[in-house]
1. Hey, Leu100 hits all of (1) touching a Gly at 6+ places or on another chain (Cβ under 6 Å); (2) modelled with pLDDT of 90 or more; (3) not in a helix (DSSP H, G or I) but one; which does it fall short on?
2. Any idea which of (1) at pLDDT 90 or above; (2) not in a helix (DSSP H, G or I) is the one Pro78 doesn't satisfy?
3. Of the residues that sit in segment 107-133 and are outside any helix (DSSP H, G or I) and surrounded by fewer than 13 Cβ atoms within 10 Å (Cβ to Cβ), which one is farthest from the chain's Cα centre (by Cα)?
4. Please specify each residue of segment 20-43 satisfying the condition of being out of contact with any Asp or Glu (no Cβ under 7 Å at 6 or more places or on another chain), surrounded by 16 or more Cβ atoms within 10 Å (Cβ to Cβ) and at pLDDT 80 or above.
5. Scan segment 126-140 and report the pairs whose first residue is under 10 Å from Thr93 (Cβ atoms) and whose second residue is of a type in the set (Asp, Glu), with Cβ atoms within less than 9 Å and a gap of 6+ or a chain change.
6. For segment 1-58, list the strands (runs of 3 or more DSSP E) that sit wholly inside it and hold at least 1 residues that are in contact (Cβ under 8 Å) with a residue 40 or more places away in the chain; which are they?
7. Only one of these conditions is not met by Ala136: (1) assigned to a helix (DSSP H, G or I); (2) buried (at least 17 other Cβ atoms within 10 Å of the Cβ). Which number is it?
Amino acid sequence: MLEAAGHSVVEDAPDVVLCDVTPGAPQPKEAEAPVLALADQAIDAAGVLPRGVDPGLLDPALRAVAAGLLVRVPGAAPAPAGFRAAEDAPPLTPREAEVLALVGQGMSNKAVARRLGISLHTVKFHLEALFEKLGASSRAQAVAIGLRGGAIEL
């Protein structure tokens, strides 16, 4: 399944470690590469998905973790220690959160505008507001801050 999605399974020097964490098993260590864990309990890893996750979510989750983003599903596990709490994140309007989530999925401004039924100018306006609120200087940085702060989830 992973190879069909364009990933290579390797033993040495991986970009991301994918592991299945059973209850009571030791937590994975992120020494050589970030970890995407399939776990039903709260653990400290860059990515945490429930063990019964839809296989279609593995590819984007692996790519996000490899890019340095945190991956969580609602109700899964808290962000690793050292990251801001969700309540510390600046309040985003519902539309700003939608725009940021779509940008986080890799959509262009034009695609976001089409999806939301708004103008390209309005998308740019929302992105400028997001950059200001989040203290970001790029789309990728805004998405990373939004994920770490809990403003959006992939």
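The values are calculated or read from the model by the stated rules, or taken from the named source; none is laboratory data. Please read these numbers as outputs of a predicted model, since none were measured by experiment. Note that we place each Cβ from the backbone using ideal geometry, even for glycine, and neighbour counts take in every protein chain shown.
1. Checking Leu100 against (1) touching a Gly at 6+ places or on another chain (Cβ under 6 Å); (2) modelled with pLDDT of 90 or more; (3) not in a helix (DSSP H, G or I), the one that fails is (3).
2. (1)
3. The selected residue is Ser119.
4. Val21, Pro34, Val35, Leu36, Ala37, Ala39
5. Short answer, once both residue conditions are applied: His126/Glu96; His126/Glu98; Ala129/Glu96; Leu130/Glu96; Lys133/Glu96.
6. Because the criterion is at least 1 residues that are in contact (Cβ under 8 Å) with a residue 40 or more places away in the chain, the strands (runs of 3 or more DSSP E) in segment 1-58 that meet it are 17-21.
7. (1)
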